[in-house]
């Protein structure tokens, strides 16, 4: 049951991250006086790492565990590139989509 809750949190956080990553650049086009804050992306990354660590802790090796950690790694690379080089890499979209997919598959694999 605990893992199902973690999957629900992971799905929600990854979807919010993906929405943030897609909608925010569009809002920058409109002159609202807002600017990009990479620490929001870092917060999503930290939530993702905690949830993925907890979900994969009891998983045996396999493609689903690899999907979770590769997705986190893609998000990590993109966030670090933004923090260090102030450039936005689209790897964050692929990572968020991978996390959403992994959590949905993991959620569906639970016995109800």
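State yes or no: is residue 46 over 14 Å from the mean Cα position of the chain (by Cα) and surrounded by fewer than 20 Cβ atoms within 10 Å (Cβ to Cβ)? The answer is no for residue 46.
Checking 36, 20 one by one, the residue that is out of contact with any helix residue (DSSP H, G or I) (no Cβ under 6 Å at 6 or more places or on another chain), part of a helix (DSSP H, G or I) and modelled with pLDDT under 85 is 20 and no other.
Restricting to segment 1-17, count the residues that are assigned to a loop (DSSP other than H, G, I, E, B) and surrounded by 15 or more Cβ atoms within 10 Å (Cβ to Cβ). Walk me through how you get there before you give the answer.
In the first step, residues of segment 1-17 are kept if they are assigned to a loop (DSSP other than H, G, I, E, B); the result is 1.
Now narrow it down to the ones that are surrounded by 15 or more Cβ atoms within 10 Å (Cβ to Cβ): none.
Looking only at that region, the number is 0.
With respect to the conditions (1) more than 10 Å from the chain's Cα centre (by Cα); (2) part of a helix (DSSP H, G or I), residue 58 falls short on a single one, namely (2).
Checked against (1) part of a loop (DSSP other than H, G, I, E, B); (2) under 19 Å from residue 6 (Cα atoms), residue 47 passes all but condition (1).
Select, from 94, 75, the only residue that is surrounded by fewer than 17 Cβ atoms within 10 Å (Cβ to Cβ), modelled with pLDDT of 85 or more and touching a helix residue (DSSP H, G or I) at 6+ places or on another chain (Cβ under 6 Å). Spell out the reasoning first.
On the way: 75 fails: surrounded by fewer than 17 Cβ atoms within 10 Å (Cβ to Cβ).
The unique qualifying residue is 94.
Pairs meeting the criteria (first residue in segment 99-112 and within 18 Å of residue 19 (Cβ to Cβ), second residue part of a loop (DSSP other than H, G, I, E, B) and modelled with pLDDT of 90 or more, beta carbons under 6 Å, at least 6 apart or on different chains) are lacking.
Residues of segment 78-91 being surrounded by 15 or more Cβ atoms within 10 Å (Cβ to Cβ), touching a helix residue (DSSP H, G or I) at 6+ places or on another chain (Cβ under 6 Å) and in a helix (DSSP H, G or I), which ones? Residues satisfying the conditions are 78, 79, 82, 91.
Counting only residues that are surrounded by fewer than 16 Cβ atoms within 10 Å (Cβ to Cβ) and at negative phi, how many does segment 55-68 have? Working first, answer last.
Taking segment 55-68 as the starting set, the residues that turn out to be surrounded by fewer than 16 Cβ atoms within 10 Å (Cβ to Cβ) are 57-63, 66.
If we keep only those that are at negative phi as well, we get 57-61, 63, 66.
Looking only at that region, the number is 7.
Does residue 24 satisfy the condition of being surrounded by 14 or more Cβ atoms within 10 Å (Cβ to Cβ) and within 20 Å of residue 104 (Cβ to Cβ)? No, not satisfied.
The values are calculated or read from the model by the stated rules, or taken from the named source; none is laboratory data. Quick caveat: nothing in here was measured; it's all calculated off a predicted structure. Every residue, glycine as well, gets a Cβ built from its backbone with ideal geometry; the counts of neighbours run over all protein chains shown.
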